[in-house]
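The values are calculated or read from the model by the stated rules, or taken from the named source; none is laboratory data. These figures come from a predicted structure and were not determined experimentally. No Cβ is skipped: glycine too gets one built from the backbone with ideal geometry, and neighbour counts run over all protein chains shown.
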Amino acid sequence: MEVKINREIRNYTESMFFGLSLRQFVFSVLACGVAVVVYFTLRPILGLETVSWVCIVAAVPFAAIGFLKYNGMTAEKFLWAFLKSEVLMPKTLDFGNTNMYVTTIRDARERKKRESKRSYRLKMKMLAWITERRRKHDKDTD
């Protein structure tokens, strides 16, 4: 007696009807139902070949929803993730390289420029203070 076991336990799906999972079975029945409704609705209007193609096109989305998975997500989870990422919260991602050498040198130059401006202001304040003290001293001595 041999029992088949999946390599990944989370990939296990229980077969309900005809070897299909419940989800696959329900969407297969739904796809067939849509095809039948489209056939009986369009048969008096269009030719047989055209109606058959329209039935196939109408049934494919329902069958795809039941059977397809993308990155482990069912169709409705994938559609929600797609809408969320592309419509509700779109982001523009800008990719570019960062040259660490250039940014380091640029930062050092800016820092030096700021410090030289600061030291110049400090020197001017000191010079103004010294001249003010001299004036006061000269007034006091006169």
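Every condition in (1) at pLDDT 70 or above; (2) closer than 30 Å to Gly72 by Cβ; (3) in contact with a helix residue (DSSP H, G or I) (Cβ under 9 Å, 6 or more places away or on another chain) is met by Thr13 except one, and the failing one is (1).
Report, by residue number, each residue of the stretch 79-130 that is under 30 Å from Ile65 (Cα atoms) and surrounded by 10 or more Cβ atoms within 10 Å (Cβ to Cβ).
Once the filter is applied, which keeps residues that are under 30 Å from Ile65 (Cα atoms) and surrounded by 10 or more Cβ atoms within 10 Å (Cβ to Cβ), the stretch 79-130 yields Leu79, Trp80, Ala81, Phe82, Leu83, Lys84, Ser85, Glu86.
When residues in the stretch 66-78 are screened for being farther than 22 Å from Val36 by Cα and surrounded by 13 or more Cβ atoms within 10 Å (Cβ to Cβ), 5 of them pass.
Restricted to the stretch 58-72, and to residues that are not small (Gly, Ala, Ser) and not in a helix (DSSP H, G or I), which residue is nearest to Thr41 (Cα to Cα)?
My answer is Leu68.
Rundown of residues vs (1) modelled with pLDDT of 85 or more; (2) loosely packed, with under 12 Cβ neighbours inside 10 Å, yes/no style:
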| residue | (1), (2) |
| --- | --- |
| Ile5 | no, yes |
| Phe17 | no, no |
| Ser21 | no, no |
| Ala58 | yes, no |
| Ala64 | yes, no |
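Quick grid of which residues meet (1) at pLDDT 85 or above; (2) out of contact with any His (no Cβ under 9 Å at 6 or more places or on another chain); (3) assigned by TED's automatic domain parsing to the domain that holds Leu20; (4) among the aliphatic types (A, V, I, L, M):
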site: Tyr70; (1), (2), (3), (4): no, yes, yes, no
site: Met100; (1), (2), (3), (4): yes, yes, no, yes
site: Ile105; (1), (2), (3), (4): yes, yes, no, yes
site: Glu110; (1), (2), (3), (4): yes, yes, no, no
site: Lys117; (1), (2), (3), (4): no, yes, no, no
site: Ala128; (1), (2), (3), (4): yes, yes, no, yes
site: His137; (1), (2), (3), (4): no, yes, no, no
site: Asp140; (1), (2), (3), (4): no, yes, no, no
